[in-house]
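What follows is a set of notes on a single structure, which appears directly below.
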Amino acid sequence: MGEAGLSNIPDEVLVIADDIREMRIRGAGRIARAAAKAMKIAAEKYSGVDADDFLSFMENVSKLLLSTRPTAVSLPNAVSYVMRRLKSAKAISVDYLRKVVIEVADEFIQMSNIAVGTIGEIGSRLIEDGDVVLTHCHSTAVVSVLKKAKDKGREFKVYADETRPRFQGRITYRDLSSYGIDVTLIPDSAVASVMRKVDKVFVGADAIASNGAVVNKIGTSQVALVAYKYSVPFYVAAETYKFSPMTLIGELIVIEERSPAEIVSREWLDKHPNIRVFNPVFDVTPPEYITAIITEIGIIPPHTASLILTEVFGAKSYGVEEKPVEESEQV
Ligand code: RI2
């Protein structure tokens, strides 16, 4: 977005957008909640009086938030959750529209937090005494499952892989160990060697396509392949707003690529200016390798993802303009 579009966006909103872009706010669910919060702040701080201007201001805020990271579909789903309700509200006054944004953003945040708690409750039922669990990256939804299982008195152990290059496995380690859960950090390269001791794998999701394929942190599909080879159940914990409605109409999920400096240091890059580094942030795990997806509305087999999409988002809510074919093409 050009400077003009940013000029009247409040600093707090710019800071949230930057925090998402730079991954100081990370995790698909947290990104979505942060975006909703940013929209609420933007509405609160808006000082104009024209309802149409307010609408274009909120469109600019949406564009800014959507430009931060491309993959986690929770982000556009959160933004359109608010924008759709704003656009369908009667433009009585800026005060009224502001109230709509604030209420709907709060509603999304609350719904999202409740969903994570419900997934914890449902997913914890899959964990049995004596289980050894493996997880990849840091997922709030997976942590919710594991903490709930601990609350219920289940005795289990966790392997958390490091998740290069940004080492989110360390966040998982800290989260779980401070909760009294028996957790061991392993390098990503040890996944195959520990898999024979593992009973269940749990990972989160950034996006789920209508065919049930799961987009999650880079390395997830390798973990899934190894789990499949050893017949270890592979569970995905994901709120329904991580399902991608646009995939139902053929849109592909964009896989974010980040700076080479996340893989090797800037100094090293300066010393080796011709080095080529590829740093994809996410990968795609096909539905064949996924035992089930744990959502807040139940545990579903991956191939039923399209049903979740029509159930949750409605059949006509994908933003595709309805247009009849030209007369000569009609049959
Ligand atoms: P929750 C994260 O992405 C990871 O890929 C994680 O598995 C996923 O979001 C879901 O996280 P990133 O922001 O919503 O670290 O379950 O790139 O926390």
If you build a Gaussian network model of the chain, linking Cα atoms that sit under 10 Å apart, which residue out of Arg164, Arg196, Arg98 swings the most?
-> Arg196
Name the most mobile residue of Lys90, Lys197, Lys157, meaning the one with the largest mean-square fluctuation, in a Gaussian network model of the chain with Cα contacts below 10 Å.
-> Lys90
What accessible area per residue comes out for the chain, rounded to a whole number of Å², with a 1.4 Å probe?
-> 49
Integer Hz, Karplus 6.51/-1.76/1.60 couplings in order for region 199-204, x for Gly and Pro | 9, 8, 10, 10, 9, x
Under a Gaussian network model of the chain whose springs join Cα atoms within less than 10 Å, the largest fluctuation of Lys99, Lys148, Lys271 belongs to Lys271
Hydrodynamic radius by Kirkwood, which averages 1/r over all alpha carbon pairs of region 136-204, in angstrom | 12.1
Report the antiparallel proportion of the DSSP beta bridges in the chain as a percent, rounded to a multiple of 5.
-> 35
Any idea how far apart Arg125 and Ile102 come out in nm if each label point goes 7 Å out from Cα toward Cβ?
-> 3.9
Whose amide H sits under 5 Å from the amide H of Thr184, counting only residues 5 or more places off or on another chain, with H placed in the peptide plane?
-> Val158, Tyr159, Ala160
Please give the helix 168-177 orientation as an angle from the longest Cα principal axis of the chain, in degrees from 0 to 90, rounded to the nearest 10.
-> 70
Mean-position separation - Cα centroids, region 32-77 and region 113-132, in angstrom | 33
Extent of region 3-118 along each principal axis, from alpha carbon coordinates, in Å, largest to smallest?
-> 37, 34, 19
Kindly provide the helix-only [θ] at 222 nm of the chain, computed as the sum of -39,500 (n - 2.57) over DSSP H runs of four or more divided by all residues, to the nearest 500 deg cm²/dmol?
-> -14000 deg cm²/dmol
Between the helical axis of 140-151 and the dominant principal axis of the chain, each derived from Cα atoms, what acute angle in degrees is found, rounded to the nearest 10?
-> 50
Quote the Stokes-Einstein diffusion coefficient, in whole µm² s⁻¹, for the chain, based on the Kirkwood radius over alpha carbon pairs, a temperature of 20 °C and a viscosity of 1.002 mPa s.
-> 101
Beyond 24 Å (Cα-Cα) in this structure, taken from Lys37/Lys99; Lys157/Lys242; Lys45/Lys242, we find Lys157/Lys242; Lys45/Lys242
Backbone HN-Hα couplings from phi across region 110-125 [Karplus 6.51/-1.76/1.60, Hz, Gly and Pro as x] = 5, 4, 5, 5, 5, 4, 5, x, 5, 4, x, 5, 5, x, 4, 5
For the chain, give the percent of accessible area contributed by carbon and sulfur heavy atoms, probe 1.4 Å, rounded to a whole number.
-> 52
With no solvent and one point per C-alpha, what does the Debye sum give as log10 I(q)/I(0) for region 108-163 at q = 0.21, 0.25, 0.26, 0.27 Å⁻¹?
-> -0.76, -0.97, -1.02, -1.06
Per residue Cα convex hull volume for region 125-318, in cubic angstrom?
-> 125
Of Asn211, Ala238, Ser193, which is farthest on the positive side of the dipole of region 166-238, counting Cα position, with +1 on Lys and Arg Cβ, -1 on Asp and Glu Cβ, and the Cα centre as origin?
-> Ser193
For the chain, longest principal axis from Cα atoms; helix 11-21 axis from its Cα atoms; angle between them, nearest 10 degrees, is 40
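The values are calculated or read from the model by the stated rules, or taken from the named source; none is laboratory data. The shown structure was predicted, so the numbers you read here are calculated from the model rather than taken from an experiment. Note: ideal-geometry Cβ built from the backbone for every residue, glycine included; neighbour counts use all protein chains shown. The protein model used for the area step is the full one, side chains on, heavy atoms only, and it has no ligands, DNA or RNA in it. Shrake-Rupley method; radii C 1.70, N 1.55, O 1.52, S 1.80 Å.
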